[in-house]
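This is the structure I want to talk about, given as C-alpha cells.
The values are calculated or read from the model by the stated rules, or taken from the named source; none is laboratory data. Because the structure is a prediction, the values reported are computed rather than measured. Cβ: placed from backbone, ideal geometry, glycine included. Neighbour counts: every protein chain shown. These area figures cover heavy atoms from the full protein model, side chains too; ligands, DNA and RNA do not enter into them. Shrake-Rupley method; radii C 1.70, N 1.55, O 1.52, S 1.80 Å.
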Amino acid sequence: MGDVHGHLDLLNNLLCQISDRPDRRRQGRTDRLIFLGDYVDRGPNSAQVIDRLCRVQQDDPTAVFLKGNHEEMMVAFLQAGDLTKGYHWLRNGGDMTSASYGVETPNDLDDTNALIEFRSVLATVVPDAHWRFLEGLQVSYRAGDYIFVHAGLRPGIPFADQRDEDMIWIRDRFLHSDADFGGCVVHGHSPSPKPDIHPNRIGLDTGSGKGGYLTAGLFWSTEGSFLHAYPDRIKHQ
C-alpha cells in the first residue's frame, strides 16, 4: 500500500477492498500486507491511522510496515529532540498530525522555546502503542523478485549496502535511473497521477497527501494489479 498520509477513510476503504477479494480467501493462499510508509501528516487523521494500523498488526503479525520520511522526521523531533527536523516536519504536514492528537502547533516555528515546549507536550500525548509501532518500523523488505522500500535505492550500490537514509529519502537519482537493482523496487514517496510503472521499479504513491488517491499494488510471481480508493467516491457512499 502506498502513502496514506493521515487519510483514514482511504485506508479503511482499501483494507476492505483487499479483505473482500475472493482470491484472498483461496485455501492455502498466504498473502502478506506490506505498507510503504508515510502514514502520518497532511491528512486529518494521522493518530487514527496509526491506531488502525496497530489493529492490523495485532490481527496479522505477518504484515510488514516500512518507515517513511515523515515518520522519520516525527520520531527524530519528538524522541531525539532534533529541532531542525521538527521545523521541517511541521512545515510539511506535521501540524495536521499534532492536531489529530489534540495539540496545537506554535504560531511561530522560529521560536525555539515554544517549539521545545510543544515537543514536550506532544511527545507525552502520543500513546505508548503508537510509539511501539513507530519504533518497530522496518526500512526495507524483500520477497521473491520484489524489493520494498519507502523512497528507493541508490543506483550502483548492492542492496545489502544501501543506506537507510537513501531508502527513506532518495528521489531523483533513483527515479531517473534505469539501473538493475536486483529486483523490481516497489516504493512510495514520490507522487504521480497513477501507478508509476517501469522495468526496474513501481511507484505506488498516487498523491493521497496532496489531493490525490490511495493505491495498493497486488503482486504475485511476475504479475500484478492495482486497487484504488478515491476521496470523492468515498465521500458520496
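Remind me, relative contact order of segment 39-143 in percent, using alpha carbon pairs under 8 angstrom and six or more residues apart? Walk me through the numbers before you get to the answer.
Working: 114 pairs, mean separation 37.5, N = 105.
Relative CO of segment 39-143 lands at 36 percent.
Right, here's the next one. Loop-only GluC sites (Glu not before Pro) in segment 49-114, please: DSSP not H, G, I, E or B, and at most 12 other Cβ atoms within 10 Å.
Details: sites: 71, 72, 104; in loops: 104.
Those that pass, being in a loop and sparsely packed, are 104.
Separate question: Over the alpha carbons of segment 111-229, what is the largest minus smallest coordinate on each principal axis, giving the biggest first in Å?
Sorted largest first, the three principal extents are 50, 35, 27 Å.
Okay, moving on. Give me the percent of Cα-Cα pairs in segment 1-89 that sit more than 16 Å apart, rounded to a whole number. All intermediate terms of the calculation are to be shown ahead of the outcome.
Working: 2293 of 3916 pairs.
For segment 1-89, the share of Cα pairs beyond 16 Å comes to 59 percent.
Residues with amide H under 5 Å of residue 201's amide H, sequence separation 5 or more or different chain, H placed in the peptide plane at 1.01 Å from N; which?
Under 5 Å from the amide H of residue 201 lie the amide H atoms of 185, each far enough along the sequence or on another chain.
Here's something else I'd like to know. Mind listing the long-range amide H neighbours of residue 34? Cut-off is under 5 Å, sequence gap 5 or more, other chains count too, H placed in the peptide plane at 1.01 Å from N.
The answer is 64.
Let me ask you something else. Quick one: how many Å² of residue 30 are accessible to a 1.4 Å probe, rounded to 10?
120
A further question on this structure: In segment 164-237, what trypsin sites (Lys or Arg not before Pro) fall in a loop by DSSP, with at most 15 other Cβ atoms inside 10 Å?
Details: sites: 171, 173, 201, 210, 233, 235; in loops: 171.
Answer by residue number: 171.
What does the accessible area per residue of segment 166-237 come to in Å², with a 1.4 Å probe and no ligands, DNA or RNA counted?
On the way: 3780 Å² over 72 residues.
With the other protein chains kept in place, segment 166-237 gives 52 Å² per residue.
Can I ask one more? For 62, 124, 105, write out the residues from largest to smallest accessible area, computed with a 1.4 angstrom probe and no ligands counted. Provide the component values of the computation, followed by the final result.
Details: 62 60, 124 110, 105 30 Å².
Of 62, 124, 105, the descending order of accessible area is 124, 62, 105.
State the percentage of accessible surface on the chain attributable to carbon and sulfur atoms; use a 1.4 Å probe and exclude ligands, DNA and RNA.
47
Moving on to the next point. Let me cross-check residue 180: its accessible surface, 1.4 Å probe, with only protein heavy atoms counted, in Å² to the nearest 10?
Residue 180 exposes around 140 Å² with every protein chain in place.
Just the number please: accessible area per residue for segment 1-81, 1.4 Å probe, all protein chains included, in Å². If you can, show how the numbers build up before the last one.
Numbers: 3360 Å² over 81 residues.
So segment 1-81 comes to 42 Å² accessible per residue, rounded to a whole number.
Normalised by the residues of the chain, what does the relative contact order come to in percent, with Cα pairs under 8 Å and at least six apart? Walk me through the numbers before you get to the answer.
Details: 444 pairs, mean separation 52.8, N = 237.
About 22 percent, as a whole number.
Follow-up question, since we're still on this one. If you wrap a convex hull around the C-alpha atoms of the chain and split its volume per residue, what is the figure in Å³?
Details: hull volume 30.6 nm³, N = 237.
Looking at the chain, the number lands at 129 Å³ per residue.
Further, regarding this structure: Round to the nearest 0.05 the FRET efficiency obtained for residue 227 and residue 171 when R0 = 25 Å and r is the Cβ-Cβ distance.
Details: r = 25 Å, r/R0 = 1.01.
Once rounded, the FRET efficiency stands at 0.50.
Students sometimes get this wrong: rank 54, 16 by accessible area, probe 1.4 Å, all chains present, largest first.
Numbers: 54 20, 16 75 Å².
Reading off the accessible areas and sorting them downward yields 16, 54.
Can you tell me how segment 109-170 classifies by the Cα gyration tensor, rounded, prolate or oblate, using a/c under 1.5 as the rounded cut?
Numbers: a/c = 4.66, a/b = 1.99, b/c = 2.34.
The shape class here is oblate.
Expressed as a whole percent, how much of the Cα-Cα distance distribution for segment 18-141 exceeds 26 Å? Let's see the in-between values first.
Values: 2042 of 7626 pairs.
That fraction is 27 percent.
Then there's this: May I ask you to rank 110, 196, 145 by accessible area, largest first, using a 1.4 Å probe over the protein chains only? Can you show the working numbers first?
Working: 110 115, 196 45, 145 95 Å².
Final ranking, largest accessible area leading: 110, 145, 196.
Roughly how many debye, to the nearest 20, is the charge dipole of the chain about its Cα centre, given +1 on each Lys and Arg Cβ, -1 on each Asp and Glu Cβ, and no other charges?
Working: 24 positive and 33 negative charges, 164 e Å.
Taking the Cα centre of the chain as origin, the dipole is about 780 debye.
Please name whichever of 124, 83, 114 sits farthest to the positive end of the charge dipole of segment 1-135, dipole taken about the Cα centre and charges placed at Cβ: Lys and Arg +1, Asp and Glu -1.
Ranked along the dipole, the leading option is 124.
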